[in-house]
1. Only Lys, Arg, Asp and Glu count, each charged at its Cβ (+1, +1, -1, -1), so figure out the dipole size of segment 1-79 about its Cα centre, rounded to 20 debye.
2. Once both labels are modelled 7 Å past Cα along the beta-carbon direction, what's the Ser48-Glu73 spacing in nm?
3. Please give the contour-minus-distance gain from Gln166 to Phe216: 0.36 nm per residue of separation, less the Cα-Cα distance, rounded to one decimal in nm.
4. Would you please put 20-29, 207-216 in order of how densely packed they are, using the mean number of other Cβ atoms within 10 angstrom per residue and starting with the highest?
5. Charges at C-beta only: +1 for Lys and Arg, -1 for Asp and Glu. How large is the resulting dipole of segment 64-216 about its Cα centre, in Debye rounded to 20?
6. Listed highest first by mean packing, meaning other Cβ atoms within 10 Å per residue, what order do 141-153, 168-180 come in?
7. Among Gln100, Phe183, Thr84, whose Cα lies farthest out toward the positive end of the dipole of segment 64-216, if unit charges sit on the beta carbon of Lys, Arg (+1) and Asp, Glu (-1)?
8. At R0 = 35 Å, how high is the FRET efficiency between Glu197 and Asp117 if r is their beta carbon distance? Nearest 0.05 is fine.
Amino acid sequence: MPLKTFENLPPERQKEIIDVCLEEFTFHNYREASLTRIIKKLGLAKGSFYRYFESKKDLYAFLIEYGKRATFELFKKIFEEPMTDIIDAWVRFYLACARQDNAYPLLGYFGYKVTQDKNNPILGDVPFKSKITGIEFLSDLFLEQQKQGRLRGDVDADLLIFLLIQIQDGFLDYLRLKYDIDFEKNIKEHRPFFPLEESVLKMELESFFGVLRNGFFKGVNQSIKRNNNAG
């Protein structure tokens, strides 16, 4: 985590340092990322940088937390607003994330690289803990939706939340396949994280998550209703 010297810097200088660090960890994996390159780009003396962060590991952990905080603020905002249903809120959340990532693509690409770095020992339980945070935040909302009969009551609410979080991660891969999106090339060319019109992205989201709302198999929902009524 950042040291007090970093926290005392003006916000503009903090942002400059964060952007240079995000770029370094986006273009290189953790092991290849170089503090020497970061320090050179920032025009700092080596000793000065270590007054901001104690080590590369601390810097990396800070950048992950920085990205998580930005996403979770969106998460809270969307899911605390009135909603038609859970899927509607999830679509709006994803669109909000897309706007945020396109406005700040360095953060979007860094977050993507972190999720892809499955064998990075520095990450530890960070991805798993993020999912736990999401489940804890949404648990009461999902339970209330179940009481209102808007969600299936025969499935544990935590399982429903976990499945949505997992599927959300896979949606990005679906877009990459369908639209032949080359993230590595886009990163190098500083292009937007989501290189699609918002209307196209919304259409794909509604189609993708609509399968969850209606189920995979024709007639399944009707069978479930009949069985529930019979019970």
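1. Using only the charged Cβ atoms, the result is roughly 100 debye.
2. 2.7
3. Taking Gln166 through Phe216 to full extension adds about 16.3 nm, to one decimal.
4. 20-29, 207-216
5. So the magnitude is around 200 debye.
6. Averaged packing, sorted descending, gives the order 141-153, 168-180.
7. Highest projection toward the positive end goes to Phe183.
8. According to the calculation, E is roughly 0.75.
Just so you know, all these numbers are worked out from the coordinates, no wet-lab data involved. For clarity, every value in this text was computed on a predicted model and none was experimentally measured. Note that each Cβ is placed from the backbone with ideal geometry, even for glycine, and that neighbours are counted across all protein chains shown.
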